[in-house]
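Here's the structure, in structure tokens; my notes come after.
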Amino acid sequence: MEVQSSDKSLKHQNFINSFSIKDEPVVGNYNKLHHSLDLVHSEFVDKEKLPGPAQQYASLFQKAAAEMISTFILVFVGCGAAMVDTETHGKITGNGVAATFGLLVLMMIYSVGHISGAHMNPAVTFAFASLQQIPWVQVPVYIFSQLAASICASLALKELLKPVELVGITHPAGGIVRSLVLEILLTYILMFVITSVSNNPSVGDLSGLVVACTIAVNSIFGGPISGASMNPARTIGPAIASNSYTGIWIYILGPALGALGGAWSFKLLNPRAQKNQKTMPSSI
């Protein structure tokens, strides 16, 4: 006990003496201050008790459950808003539906982002795996959870909102080629923003808001042309429930290519992205 007390007193004395910088050069003063901060950290912070990212401790089952719940809510409320807009002859409006998806993503990022990353989107999951942000072995579990949730939400909407037959489907209203190109570019923008904000410490807790705004803006712009899906799960579930598969490949291929392009574009701009990146984000 006496030895421990003596060591502790010595640390405290070293900490106090480290501020005695008097007439030393600026570089020496900086080094002393840096050393002082290290002493404070080692003396007063128990590293073993510091909380880490919840994703490090969440089991694969918990991550899958978080993806399933968040994707179900996203599709159920978002596509439900589109169906209600159709049934009420435009009372919600296209911009209202776009805002609904953006707000839903914002809600889910802050609700389950710390557990699974709140992807809610197979294209986002695939892009993060390509950057080695999540293990490839988890990718099938993530995607299965997202698709299953989307299908369940769409079937529930079909029963609840009869007689509306089309469950918030996306279709290439602007033509095959134009819709494909637009889905690629919109998803590219979305994924570029996701990887950017997740690597920018200054954004902090506002990262979810930035991603949600990106989704809302993309949806307002691209909605009338391609539906602005940016998410295979958001399209596949409603397509199955509605038995309508027109151009469905566009909403699988387009987001996949766009997400890969956006993620790797940012990595090329920021060589250290792979080391510093947090697995966070989401998409509609």
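The values are calculated or read from the model by the stated rules, or taken from the named source; none is laboratory data. None of the values given here were measured: they were computed from a predicted structure. Don't worry about glycine lacking a Cβ; one is built from the backbone with ideal geometry, like all the others, and counts go over all protein chains shown.
Numbers at a glance
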item	result
Sole residue being surrounded by fewer than 19 Cβ atoms within 10 Å (Cβ to Cβ), assigned by TED's automatic domain parsing to the domain that holds Leu131, closer than 26 Å to Leu60 by Cβ and touching a helix residue (DSSP H, G or I) at 6+ places or on another chain (Cβ under 7 Å), chosen from Ala173, Ala156	Ala156
From Gly80, Gly117, residue being in contact with a helix residue (DSSP H, G or I) (Cβ under 8 Å, 6 or more places away or on another chain) and either under 19 Å from Pro238 (Cβ atoms) or in a helix (DSSP H, G or I) (or both)	Gly80
Matching residues, the stretch 182-205, being hydroxyl-bearing (Ser, Thr, Tyr), in contact (Cβ under 8 Å) with a residue 40 or more places away in the chain and over 13 Å from Ser219 (Cβ atoms)	Tyr188, Thr195, Ser196, Ser198
Any hit, the stretch 132-150, residues being in the same structural domain as Ala66 (by TED's automatic domain parsing), modelled with pLDDT under 90 and either closer than 26 Å to Ile225 by Cβ or touching a Lys or Arg at 6+ places or on another chain (Cβ under 9 Å) (or both)	yes
Answer from Thr125, Thr71, Thr86, Thr100 - the residue that is β-branched (Val, Ile, Thr), assigned to a helix (DSSP H, G or I) and out of contact with any helix residue (DSSP H, G or I) (no Cβ under 9 Å at 6 or more places or on another chain)	Thr86
Residue in the stretch 73-95 that is surrounded by the most Cβ atoms within 10 Å (Cβ to Cβ), counting only those that are of a type in the set (Gly, Ala, Ser) and in contact with a Leu (Cβ under 6 Å, 6 or more places away or on another chain)	Gly78
Subset tally (residues that are surrounded by fewer than 19 Cβ atoms within 10 Å (Cβ to Cβ), modelled with pLDDT of 90 or more and either of a type outside the set (Phe, Trp, Tyr) or within 20 Å of Pro163 (Cβ to Cβ) (or both)) for the stretch 51-72	5
